[in-house]
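The values are calculated or read from the model by the stated rules, or taken from the named source; none is laboratory data. Please read all numbers here as calculations on a predicted model, not as lab measurements. All Cβ positions, glycine included, derive from the backbone under ideal geometry; neighbour counts span all protein chains shown. Each accessible area value is taken on the protein alone, full model and side chains, heavy atoms only, with ligands, DNA and RNA left out. Shrake-Rupley method; radii C 1.70, N 1.55, O 1.52, S 1.80 Å.
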Amino acid sequence: NKGNYEHYMQKEIHEQPESLKTTMRGRLIRGGSCKAKTVLLGGLKDHFKTIRRSRRIVFIGCGTSYNAALAARPILDELSGVPVTMEIASDLLDRQGPIYREDTAVFVSQSGETADTLQALEYALENGALCVGITNTVGSAIARHTHCGVHINAGAEIGVASTKAYTSQIVVMAMLALAIGGDTISSQTRREAIIDGLFDLPNKVREVLNLDQEMKDLAKLLIAEQSLLVFGRGYNYATALEGALKVKEVALMHSEGILAGEMKHGPLALVDENLPIIVIATRDSCFSKQQSVIQQLHARKGRVIVMCSKGEAVSVCPGGLGRVIEVPHVEDCLQPVINVVPLQLLAYHLTVLRGYNVDQPRNLAKSVTTQ
Ligand code: UD1
Ligand code: M6R
């Protein structure tokens, strides 16, 4: 049931304030006057000891689910106290990469049925790792075959392009980082700021959804382009990959997410007056580096569109050069949840304007059950 929406993708994008609330329901505890703020993940409570003692935590997924893990990686690195690595399921299988008994392997999958991820799970089980699932589908193969896990509870996702599951997956992995980190004194202020940020996140997502019309206007400008680059780094490297994935899979436009730190190692050669480039430059520890990327793109007459924190258009666009997308500012590790939304909207409007099938892009299936 699409309700008042024309497409499931559109409905699912606009549903995110509610889906995020459901994801967090009963799992964030603000506590009374003297009680600390904490996270409760019922499905993992008997396993945290093992997870904290593991030699490494390896996140495994495909497509958008892999990107979600990549988006949460910085906060997992910071808080978990265990080395964190990432694997694309098919690549892990191609390489028969190392998975050990002392590892915790976390399988991220909206459907819980993706063949590559499922096969990587069988492989990790054979190798004796503790296997954890993060899935949206109760009773799915991944939910059943993992030792334990977390349901993201985002509600059914029908559109082939994953949107609300992505933001809920990031939130679950941020909660996972908080829970694994436990109540270390040194990180208490940081943890509480993240928990406050999580409580407020649905409101901030509602705010960023107001960019709908602005993204539609941007889509009109970009409708006939051959290609679109998205530059990100740090917390928002994954946002660049995910934004580009949305544009290519539904709008059928070539799009590439690029790690901004790699710009001078090749991509800079592509820059000219015609190729549109979105640069994600919201306020965080990488901000000044992104400012310098923007300057260098302008110096080569690049067609730059900057995503920045609200009120910061002047510091990212000196002299009013280029277009800006201003988004609400949230805690750095949660910013990917906000920043992906305008890119989801852009991909959606581009698709409709270009006349393609939004919910069933050609050649794709919602759940990829063959290899
Ligand atoms: C559970 C209930 C929820 C109830 C809540 C009350 C289910 C599905 N969830 O939620 O309805 O409101 O208790 O406390 O009945 N699991 C895996 N692999 C996965 C995902 C989950 O093994 O990929 C396991 C978990 O380890 C857990 C169970 O499935 O044993 C349910 O997980 P989850 O729904 O996340 O647990 P709760 O949030 O506690
Ligand atoms: O169900 P899963 O999360 O395991 O699916 C993984 C990918 O197939 C999926 O995210 C795909 O990349 C989406 N169509 C992206 O929107």
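Using the average count of surrounding beta-carbon atoms within 10 Å as a protection proxy, the listed peptides 149-161, 230-242, 77-89 rank, highest first, as 230-242, 149-161, 77-89. In terms of distances greater than 26 angstrom between alpha carbons, the cross-link table entries K11/K45; K11/K37; K216/K248 yield K11/K45; K11/K37. Per residue, the convex hull spanned by the alpha carbons of the chain comes to 141 Å³.
The gain in end-to-end length when the K366 to R101 segment is fully stretched comes to 92.2 nm, 0.36 nm per residue minus the alpha carbon separation.
Tell me the per residue accessible area of the chain using a 1.4 Å probe; a whole number in Å² is fine.
In whole numbers, the chain has 41 Å² accessible per residue.
Here the dipole of region 95-209 is about 120 debye; that uses its Cα centre as origin and unit charges on the Cβ of Lys and Arg (positive) and Asp and Glu (negative).
Measuring with a 1.4 angstrom probe and ignoring ligands and nucleic acids, K246 comes out at about 0 Å² accessible. Extension gain for I185 to H254 (0.36 nm times residue separation, less C-alpha to C-alpha distance): 20.1 nm. Counting only DSSP beta bridges with both residues in the chain, the antiparallel share comes to about 5 percent.
Is the shape of region 297-355 best called rounded, prolate or oblate, per the rule: a/c under 1.5 gives rounded, else a/b larger than b/c gives prolate, else oblate, with a ≥ b ≥ c the square roots of the Cα gyration tensor eigenvalues? It comes out oblate by the Cα gyration axes. For the pair N127 and R300, the difference between a 0.36 nm per residue extended length and the Cα-Cα distance amounts to 57.2 nm. Note on L221 and R53: the model spin-label points, each 7 Å out from Cα along the C-beta direction, lie 5.6 nm apart. Take every DSSP beta bridge with both residues inside region 1-134 and express the antiparallel ones as a percent of the total, to the nearest 5. Antiparallel: roughly 10 percent of the beta bridges in region 1-134. A simple charge model with +1 on the Cβ of Lys and Arg, -1 on the Cβ of Asp and Glu and nothing else charged puts the dipole of the chain at about 540 debye relative to its Cα centre. Within the accessible area of region 41-130, the carbon and sulfur atoms contribute 46%, probe 1.4 Å, all protein chains present. Where only DSSP H runs of four or more residues are counted, the chain gives -14000 deg cm²/dmol as its mean residue ellipticity at 222 nm, each run worth -39500 (n - 2.57). To test your reading of the geometry: what angle, between 0 and 90 degrees and rounded to tens, separates the Cα axis of helix 287-299 from the longest principal axis of the chain? That works out to roughly 30 degrees.
Strictly over 22 Å apart at the Cα level, which of K204/K289; K220/K289; K246/K366 would you flag in this model? Over 22 Å Cα-Cα: K204/K289; K220/K289. First measure r as the distance between the Cβ atoms of N4 and A193, then evaluate 1/(1 + (r/R0)^6) with R0 = 30 Å and state the FRET efficiency to the nearest 0.05. According to the calculation, E is roughly 0.25. With the charge dipole of the chain set up from +1 on Lys and Arg Cβ and -1 on Asp and Glu Cβ about the Cα centre, the Cα lying farthest toward the positive end among the listed residues P361, G182, C308 is that of G182. From the Cα gyration tensor of region 136-175, with a ≥ b ≥ c the square roots of its eigenvalues, which class applies: rounded if a/c is under 1.5, or else prolate if a/b is larger than b/c, or else oblate? Cα axes put region 136-175 in the oblate bin.
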